[in-house]
Amino acid sequence: MPQLSDRHFESVADLIQDRVGIQIPAGKRTMVEGRLRKRKRALDIESLSAYGRHVFEDGHLAQELVHIIDCVTTNKTDFFREPAHFDQLRDELVPMLRRNGATHGRLKLWSAAASTGAEAYTLAMVLHDMAMAGHALDYAILGTDVSTEVLRVAADAIYPEDVLQAVPPHFRRRYVMQARDPGWKVGRIVPELRARVHFKHLNLMNAQYPVDHDIDIIFCRNVLIYFDKDTQRAVLSRLATHLRPGGFLIVGHSESMAGAGVPGLEQVSSTIFAAVKGAVA
């Protein structure tokens, strides 16, 4: 089966590096070709080499850009991934923000690499559970991602049963609706949580983000590992400007060094950074 030419693979890799910040080494070539085959089939193009010409030589890059990003970007996500962060959210971060008077009414959270929405809905489950326990907690969650395809999945909030197995049973009983047809092995997040979570397209490589500058907690986990060090620092610096003073930025356990020394952030634990009071947004 004809594959992408070396030149077209390099063009795809350069495009993703430039537009999304993700590095695609030669070792990922088979993965990239496998994903782009789905796109060339959707266009009824006979081969990957012909698809490469279609995009890079026949003037169709503008139309195909969003589809290439959707195909190539990694969208690994799970409910309650790195669960210690959600324990810290409930037991430490939210009580600290409320105790220090950092929040004014509604708690604002941002899942900055939301993928198909599992992280954002996990946050909603934890916070809604706190509210039901008598904490008088109001909250809103924003989920953003560079892939439009995964954002459609997130907005629908319908997940296969095997994906929902990661949700603890008491949360699953309370916050996941089962399909009426037992043959449909899916569940949907309940309406009261969906009403609290909003999704929109955002590229972390952009120079500015159309997001409020008084966010209480930002989750940006397991996406920085795909960026080079300069890009990691630039992204975290921009995210820091969207935190209210005393707010928190949470990164993945494999990314703890990325935030060290970023202006406006002070490391308070291995993966949690606080917005320095008085930092200029």
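Throughout, read-outs are computed from the coordinates displayed, never taken from laboratory work. Not measured: the values here are computed from a predicted model. Positions of Cβ are backbone-derived with ideal geometry, glycine not excepted, and every protein chain shown enters the neighbour counts.
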Taking R0 as 45 Å, what FRET efficiency do you get between residue 225 and residue 181 from their Cβ-Cβ distance, rounded to the nearest 0.05? 0.70
Where the Cα pairs of region 53-180 fall when distances are cut into 10 Å bins, in %: 11, 35, 29, 15, 7, 3, 0
Once you have all Cα-Cα distances for region 6-72, histogram them in 10 Å bins from zero and send the whole-percent values. 21, 63, 16
Quick one: length gained pulling residue 162 to residue 44 fully straight, 0.36 nm per residue minus the C-alpha distance? 39.3 nm
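Using the 10 angstrom Cβ neighbour count as an exposure proxy, how do 132, 177 rank, fewest first? Please report the intermediate quantities before stating the final value.
On the way: 132 10, 177 13.
Ascending Cβ contact count within 10 Å gives the list 132, 177.
Quick one: net charge around residue 141, please, counting Lys, Arg +1 and Asp, Glu -1 for every other residue with C-beta under 11 Å from its C-beta.
+2
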Given a Förster distance of 25 angstrom, what is the FRET efficiency for residue 208 paired with residue 131, based on the Cβ-Cβ distance and rounded to 0.05? 0.15
Coordinate range along principal axes, alpha carbons of the chain, Å, largest first: 61, 52, 27
Would you compute, for the Cα atoms of region 167-243, the largest minus smallest coordinate along each principal axis and list the three values in descending order, in whole Å? 49, 27, 22
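So which GluC sites (Glu not before Pro) in region 1-82 end up in coil per DSSP with only 14 or fewer other C-beta atoms within 10 Å?
Working: sites: 10, 33, 46, 57, 64; in loops: 46, 57.
Answer in residue order: 46, 57.
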Bridge orientation stat for the chain from DSSP, antiparallel percent rounded to 5, came to 40 percent
The long-range amide H neighbours of residue 247, using H built 1.01 Å from N in the peptide plane and a cut-off of under 5 Å, are 275
